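Report on the following structure.
The values are calculated or read from the model by the stated rules, or taken from the named source; none is laboratory data. As the structure is a computational prediction, the values presented were derived from the model and not from experiment. Please note: Cβ atoms are built from the backbone with ideal geometry, for glycine as well, and neighbour counts cover all protein chains shown.
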Amino acid sequence: MTHRRLLIAANWKMNPPPAGALGDQSPYREHTDFDVVVFPTFVDLKACVDARLLTGAQYGRPEPAGAYTGDVSMQMLARIGCRYVLCGHSERRAHHHETDGDVAAQVIAALEAKLHPVVCVGETADERAAKKHEKRVSAQLKALPLESDLTIAYEPVWAIGNGDTASAAQAQEMHEFIRTHLPADRAEQTRILYGGSVNDGNAEELLHQHDIDGLLIGGASLKPEEFRKIVEVAERISA
Ligand code: PGA
């Protein structure tokens with residue numbers, strides 16, 4: 001089990017906040033012993049901030065302002081009260097052709113804007129089948145300013161959104177590998193989250209792994225009662 005402060009992150013992707021998410025009994029509320037962060041769409045960010053949820057954006061553009069139709073900058077996100085931002089989610093890498101260099105630029109701009117970046121890395125099914133998963137993840141990590149205060153999310157692309165989660169042992173092995181890339185003075189404090197088909201049935205075993213410091217949850221984060229159960233696991237572990 002980790003000694004780092006856990007982070008349970010809800011990536012709502014292109015969906016509205018789940019029922020009750022903004023209310024007093026919301027399972028997405030902040031806790032004293034660990035962090036719960038929501039990642040809504042751009043249009044729901046302000047409502048989440050106003051409901052006093054720890055809020056992050058799913059993407060931010062590095063340039064502060066300018067002729068970038070459809071984009072929102074890191075600075076603008078910080079200005080409306082966001083505290084976190086996802087960088088390089090595999091769906092952004094796939095659909096928006098974000099490169100490792102683009103992701104690094106986002107991370108640098110996020111840090112400058114005083115947002116905490118949660119940077120996603122992970123290999124595809126083909127890369128794993130070809131035993132190139134470590135090589136791919138290494139390349140993604142080497143592009144990043146790892147000496148900075150950031151969080152890494154290991155999300156194997158083959159495990160996202162399909163119920164086909166990595167085993168706790170597979171995840172632990174990759175998390176340990178990722179930690180070896182961190183500078184010596186950051187290795188112990190940097191949080192590494194696991195993401196990919198996390199649910200209320202596998203969360204506990206994942207969170208018991210030594211190098212898993214939290215979870216980035218998509219599908220199950222849209223079901224408030226399932227998410228509440230995962231938060232309760234984090235609560236027990238953090239007590
Ligand atoms: P999933 O998504 O939990 O639905 O697999 C995770 C993610 O894409 O961040």
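Mind telling me which of the residues Tyr68, Tyr28 ends up being aromatic (Phe, Trp, Tyr) and over 27 Å from Ile160 (Cα atoms)? Matching residue, one of Tyr68, Tyr28: Tyr68.
Results for (1) within 15 Å of the ligand (Cβ to nearest atom); (2) closer than 20 Å to Asp35 by Cβ, shown as yes or no for each residue.
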residue	(1), (2)
Asp185	no, no
Glu188	no, yes
Val198	yes, yes
Gln209	no, yes
Leu222	yes, yes
Glu225	no, no
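Looking across Ala159, Ala153, one residue alone is closer than 25 Å to Trp12 by Cβ, touching a strand residue (DSSP E or B) at 6+ places or on another chain (Cβ under 9 Å) and modelled with pLDDT under 95. It is Ala159.
Within segment 199-239, the residues that satisfy the criterion of being of a type in the set (Gly, Ala, Ser), in contact with a Gly (Cβ under 9 Å, 6 or more places away or on another chain) and surrounded by 20 or more Cβ atoms within 10 Å (Cβ to Cβ) are Gly218, Ala234. Considering only residues in segment 6-53 that are surrounded by 15 or more Cβ atoms within 10 Å (Cβ to Cβ) and among the basic types (Lys, Arg), the one that is nearest to Val85 (Cα to Cα) turns out to be Lys13. Take the residues of segment 50-98 that are within 17 Å of the chain's Cα centre (by Cα) and among the β-branched types (Val, Ile, Thr): which is farthest from Val121 (Cα to Cα)? It comes out as Thr55. Annotation note: of Arg93, Arg52, the sole residue that is among the basic types (Lys, Arg) and away from the ligand (no atom under 16 Å from the Cβ) is Arg52. Only residues that are farther than 11 Å from Ile212 by Cβ and touching a Gly at 6+ places or on another chain (Cβ under 7 Å) were counted in segment 154-177, giving 7.
The test for being within 29 Å of Ala19 (Cβ to Cβ), within 16 Å of the ligand (Cβ to nearest atom), hydrophobic (A, V, I, L, M, F, W, C) and not in a helix (DSSP H, G or I) does not hold for Val231.
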